[in-house]
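In what follows, a structure is listed as structure tokens, so that the remarks can point back to it.
The values are calculated or read from the model by the stated rules, or taken from the named source; none is laboratory data. Everything quoted here is computed from the prediction, not taken from an experiment. Reconstructed Cβ throughout: ideal geometry from the backbone, glycine too, with neighbour counts over all protein chains shown. Note: accessible area is taken over every heavy atom of the protein model, side chains too, but ligands, DNA and RNA are not part of it. Shrake-Rupley method; radii C 1.70, N 1.55, O 1.52, S 1.80 Å.
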Amino acid sequence: MTESKKFILQERDIPTRWYNVLPDMPVKPEPMLHPGTLKPLTPEDLYPIFAEELANQELNTTDRWIEIPEEVRDMYKIWRPTPLVRARGLEKALDTPARIYFKNESVSPVGSHKLNSAIPQAYFCKKQGITNITTETGAGQWGAAMSLAAKHFGLELAVYMVKVSYNQKPYRRSIMQTYGAEVVASPSMSTKAGRKIITEHPNYQGSLGTAISEAVELATSTPNCRYVLGSVLNHVALHQTVIGLEAEKQMEMAGDYPDIVIGCFGGGSNFSGISLPFLRHNFSGERNTRFIAAEPESCPKLTRGKFHYDFGDEAGYTPLIPMLTLGHNFAPANIHAGGLRYHGAGAVVSKLKQSGMIDAVDIPQLETFKAATLFARTEGIIPAPESSHAIAAAIREALQAKEEGKEKVILFNLSGHGLIDMTAYDSYIAGDLTNHSISQEEIDRNTADLPGV
Ligand SMILES: *Cc1c(COP(=O)(O)O)cnc(C)c1O
């Protein structure tokens, strides 16, 4: 173990291949199903929605390593490799024998890990000759990343932004517009799915599920247009493995290996990104690392969701995914970690959880802001409210280590910074934030009418 504070790689160390976990999983996920025929999905089924290369990646269960195109690596060079930092200030404040490291994905131009997948998604669309793309965004991080990537590759982008965020987070909207995207508040009158929900619930403030329905509908009804998604799916998790692959090298530079790896959890992309490369050494029996996905108490799909086939969106346009879910029409409380307000977990992470390969914890909102504030004061970075769930989980583990008097090595992913989320911090400082727990009745009610397969 060295005394350094941060561990820096060179451009040449940016991974040349993504890691595909599917061939290595001892218990594989059930197949995704076509929503019409209920037959196992083929790549061709996905071609009307996604670029072909992305559809092929989605269903690739045989190639462990997938080449990163040179054009994508070139754009990664804008900010990658990202630093790995030893959180000595935080360790000291906690007076813990644990050694805490974090991978700092907040240094990307848009302030989060989302750009790692936005770039290849835009690239593969462009390569196929697609001219227009659609997507959804909750808090705006994915929309911002996609706007930049689309502009870089000369694609026109329409973003459906969850209405409550559209109104509460005007700066995220301006960021997308600055990069040149068109931003629409969802639900909107521009799609059948949007009109239906506005008619039934005129004051509905939107959800990721609804925004996905609108974006998919526009993509499939517009010539030369495809849809892109920022989380949940296998190909998104695949692209994010650059995080863990770099971190693996950096932990080696630090002379340490993590006992525990932690990521916050929305749909699973940053958690997968930091975890899957380390998890492969558990599969091979070389290591016995613990993995913890940290989700909000108000949206506990991994800790309390039902394992079942469900849609990825509100209207039921997407394939049926075998997932831990709170139900595709679940409307989570309006917490500030907007990027974690999604009803389900991707098929891979759901299966890893079901088969005991990873753990999950759910964390109350106030604990996440307390953790975020301590982190800001000791490490200098104001974390995204989403990332603060990972910090809170890391703090729990570090305090546990102190209680047990054990040296433990903890690695967490700092998925983004919170400098565009200061209204959330304002509310916390003013004492206006509350916890939002959810009752078992509510979960049961929401998962009672899942698709019958
Ligand atoms: C979107 C987002 C998340 C949650 O999404 P995952 O796909 O679960 O990673 C977490 N942190 C930040 C900063 C985000 O932008």
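Would it be correct to say that Ile321 is of a type in the set (A, V, I, L, M), in contact with a helix residue (DSSP H, G or I) (Cβ under 8 Å, 6 or more places away or on another chain) and under 25 Å from Arg396 (Cβ atoms)?
Working: of a type in the set (A, V, I, L, M): yes; in contact with a helix residue (DSSP H, G or I) (Cβ under 8 Å, 6 or more places away or on another chain): yes; under 25 Å from Arg396 (Cβ atoms): no.
For Ile321, the condition - of a type in the set (A, V, I, L, M), in contact with a helix residue (DSSP H, G or I) (Cβ under 8 Å, 6 or more places away or on another chain) and under 25 Å from Arg396 (Cβ atoms) - is not met.
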Apart from one, (1) farther than 20 Å from Leu84 by Cβ; (2) touching a Phe, Trp or Tyr at 6+ places or on another chain (Cβ under 9 Å); (3) touching a residue at least 24 places away in the same chain (Cβ under 8 Å) all hold for Gly338; the odd one out is (2)
Within the stretch 143-154, count every residue that is open to solvent by 10 Å² or more (accessible area, probe 1.4 Å) and either within 16 Å of the ligand (Cβ to nearest atom) or in contact with a strand residue (DSSP E or B) (Cβ under 6 Å, 6 or more places away or on another chain) (or both). 1
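Here's the yes/no breakdown for (1) open to solvent by less than 10 Å² (accessible area, probe 1.4 Å); (2) in contact with an Asp or Glu (Cβ under 6 Å, 6 or more places away or on another chain); (3) not in a helix (DSSP H, G or I):
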residue	(1), (2), (3)
Tyr166	no, no, no
Thr199	no, no, no
Asn203	no, no, yes
Phe271	yes, no, no
Contact list, first residue from the stretch 262-277 and on the phi > 0 side of the Ramachandran plot and touching a residue at least 40 places away in the same chain (Cβ under 8 Å), second anywhere and open to solvent by 10 Å² or more (accessible area, probe 1.4 Å) and near the ligand (Cβ under 9 Å from one of its atoms), beta-carbon distance below 7 Å, six or more apart or interchain, is Gly268/Ser231; Gly268/Val232; Gly268/Ala237
Hey, which of the strands (runs of 3 or more DSSP E) in the stretch 82-140, taking only ones fully inside, have at least 3 residues that are farther than 24 Å from Leu340 by Cβ, within 16 Å of the ligand (Cβ to nearest atom) and touching a residue at least 12 places away in the same chain (Cβ under 8 Å)? none
Take the residues of the stretch 214-258 that are over 23 Å from the mean Cα position of the chain (by Cα) and outside any helix (DSSP H, G or I): which is surrounded by the fewest Cβ atoms within 10 Å (Cβ to Cβ)? Pro223
Just give me the residues in the stretch 290-320 being away from the ligand (no atom under 13 Å from the Cβ), in contact with a Leu (Cβ under 9 Å, 6 or more places away or on another chain) and open to solvent by less than 10 Å² (accessible area, probe 1.4 Å), in sequence order. Phe291, Ser298, Pro300, Asp310, Asp313, Leu320
Unmet criterion (only one of (1) in contact (Cβ under 8 Å) with a residue 40 or more places away in the chain; (2) crowded, with 21+ Cβ neighbours inside 10 Å) for Pro187: (1)
So which residues in the stretch 217-241 are over 13 Å from Asn20 (Cβ atoms) and in contact with a helix residue (DSSP H, G or I) (Cβ under 7 Å, 6 or more places away or on another chain)? Glu217, Cys225, Arg226, Tyr227, Val228, Leu229, Gly230, Ser231
Taking the stretch 202-257 as the region of interest, how many residues are within 22 Å of Lys301 (Cα to Cα), away from the ligand (no atom under 13 Å from the Cβ) and among the polar types (S, T, N, Q)? 4
Members of the stretch 32-73 found to be over 16 Å from Val216 (Cβ atoms), surrounded by fewer than 15 Cβ atoms within 10 Å (Cβ to Cβ) and free of Cβ contacts under 8 Å to residues at least 24 places away in the same chain, listed by number: Thr37, Lys39, Pro40, Thr42, Glu44, Glu70
Based on this model, can you work out whether Val72 counts as out of contact with any strand residue (DSSP E or B) (no Cβ under 9 Å at 6 or more places or on another chain), among the β-branched types (Val, Ile, Thr) and away from the ligand (no atom under 16 Å from the Cβ)? yes
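Report, by residue number, each residue of the stretch 259-269 that is out of contact with any Lys or Arg (no Cβ under 7 Å at 6 or more places or on another chain), within 13 Å of Phe291 (Cα to Cα) and not in a strand (DSSP E or B).
Narrowing the stretch 259-269 to residues out of contact with any Lys or Arg (no Cβ under 7 Å at 6 or more places or on another chain): 261-269.
From what is left, the residues that are within 13 Å of Phe291 (Cα to Cα) are 261-265, 268.
Across the stretch 259-269, the qualifying residues are Phe265, Gly268.
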Of all residues being among the β-branched types (Val, Ile, Thr) and open to solvent by 10 Å² or more (accessible area, probe 1.4 Å) in the stretch 326-360, which is farthest from the chain's Cα centre (by Cα)? Just the residue, please. Ile335
Let me spell it out: the conditions are (1) part of a helix (DSSP H, G or I); (2) open to solvent by less than 80 Å² (accessible area, probe 1.4 Å); (3) under 21 Å from Ile335 (Cα atoms); (4) away from the ligand (no atom under 16 Å from the Cβ), and Ala398 meets all of them except one. Which number is the exception? (3)
